[in-house]
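Student: Here it is, the structure, as C-alpha cells.
The values are calculated or read from the model by the stated rules, or taken from the named source; none is laboratory data. Everything quoted here is computed from the prediction, not taken from an experiment. Here the Cβ positions follow ideal geometry from the backbone for every residue, glycine too, while neighbour counts run over all protein chains shown. Keep in mind that these areas ignore ligands, DNA and RNA; they rest on the heavy atoms of the full protein, side chains included. Shrake-Rupley method; radii C 1.70, N 1.55, O 1.52, S 1.80 Å.
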There are 2 protein chains.
Amino acid sequence: MNQIFKALSHPVRREILSLLRDGPMTSGELLEPFDMKWPSLTGHLNVLKSAGLVHAERYGTIIRYRLNTGAAEDALAAIMALLGSNSKQESKNDN
Amino acid sequence: MNQIFKALSHPVRREILSLLRDGPMTSGELLEPFDMKWPSLTGHLNVLKSAGLVHAERYGTIIRYRLNTGAAEDALAAIMALLGSNSKQESKNDN
DNA sequence: GCTATAATTAGTCATATTCCTAATTAGTGT
DNA sequence: ACACTAATTAGGAATATGACTAATTATAGC
C-alpha cells in the first residue's frame with residue numbers, strides 16, 4: 001500500500017496513469033508528452049510497475065504498458081477507510 | 001494534490017490519520033502508539049498539516065489535531081478520476 | 001553475424017525525506 | 001521572574017528519490 005501511495009505522489013506518474021486510462025501505450029509513446037529523457041521515464045514506469053499500478057507486455061521490440069485498475073482500487077479503499085469508509089462519519093463519541 | 005499523496009505515502013502518517021478518525025488527539029497522545037521521538041512526530045504532523053489532511057488547534061498548553069476529511073476526499077476523487085470511475089466521477093454517495 | 005530500433009540497466013550527482021539530539025517557544029501556575 | 005509541562009524549531013546524518021549520460025539488452029530484418 002505504501003508503494004502505491006508513493007507511486008501516486010509524483011505528478012509525472014499520475015499523468016502516466018491518466019494517459020494509460022485511454023488504453024495501453026508503449027514506452028516511446030509515453031515519452032513524447034513529457035520533457036524528460038527515456039531513462040527517467042523508465043524509472044517512473046518501474047515505480048508504477050512495482051506498485052502494481054501498471055502491467056508491462058512485450059510485443060516484439062516494443063513494450064506496451066497497461067493500467068492495472070486493481071491496485072488503484074486498493075488505494076481508493078484505503079482512503080475510504082480513512083474517511084470512515086462511507087459518505088458520512090458521525091463518530092464523534094465521547095473522548 | 002501532490003502533497004496529499006506524498007503525505008499518504010508514509011505508513012506512520014496513514015496510521016496517524018487512522019487514529020484521528022476516532023476523534024481529535026493531542027500531539028502527546030498521538031506519540032504514545034509510535035516508537036519514535038517527539039520531533040519526528042511533529043514532522044509528520046507538519047506534513048499532514050501542509051497537505052491539509054489535519055488541522056491543529058491550541059487549547060492552553062496542548063495542541064489538538066483533527067482529521068480534515070475534505071483533503072482526503074480530494075485524493076479519493078483523484079484516484080477515481082484515474083480509474084475512469086466506471087461511469088462517473090463526481091458521485092460521493094453512489095458506490 | 002551485423003545493423004537498426006525500442007527500451008532498459010548502470011553509474012553519478014543534486015535534492016528531498018526521515019530520523020535523531022539539543023535548544024527553543026508557548027502557556028499555566030507559584 | 002521562575003519553574004514545569006507540552007510541543008516545536010534548528011541542525012545534522014543516513015537513506016531515498018529523481019534526473020542525467022553512457023552502456024547494454026532484446027528483438028527483427030538482412
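Student: Mind listing just one residue for me: the one in the range A:13-68 that is among the β-branched types (Val, Ile, Thr) and more than 10 Å from the chain's Cα centre (by Cα) and, of those, farthest from residue B:76 (Cα to Cα)?
Tutor: A:61
Student: Quick one: count up the residues across the range B:2-56 that are open to solvent by less than 50 Å² (accessible area, probe 1.4 Å), of a type in the set (Ser, Thr, Tyr) and farther than 26 Å from residue A:12 by Cα.
Tutor: Here the count works out to 3.
Student: Of everything in the range A:1-58 that's among the small types (Gly, Ala, Ser) and near DNA strand D (Cβ under 10 Å from one of its atoms), which residue is nearest to the other protein chains (Cβ to nearest Cβ)?
Tutor: Filtering the range A:1-58 for residues that are among the small types (Gly, Ala, Ser) and near DNA strand D (Cβ under 10 Å from one of its atoms), the one nearest to the other protein chains (Cβ to nearest Cβ) comes out as A:9.
Student: Then there is this: Just one of the numbered conditions (1) more than 10 Å from chain B (Cβ to nearest Cβ); (2) in a helix (DSSP H, G or I); (3) at pLDDT below 90 is not true of residue A:90; which one?
Tutor: (2)
Student: Next question. Which ones in the range A:1-59 are among the small types (Gly, Ala, Ser), part of a helix (DSSP H, G or I) and within 14 Å of DNA strand C (Cβ to nearest atom)?
Tutor: A:7, A:27, A:28, A:40, A:43, A:50
Student: Residue check: is residue B:64 more than 11 Å from chain A (Cβ to nearest Cβ), on the phi < 0 side of the Ramachandran plot and not in a helix (DSSP H, G or I)?
Tutor: Here the answer is no, as residue B:64 does not meet what is asked.
Student: Take the residues in the range A:27-85 that are of a type in the set (S, T, N, Q) and within 30 Å of residue B:19 (Cβ to Cβ); name whichever of them is modelled with the lowest pLDDT.
Tutor: A:85
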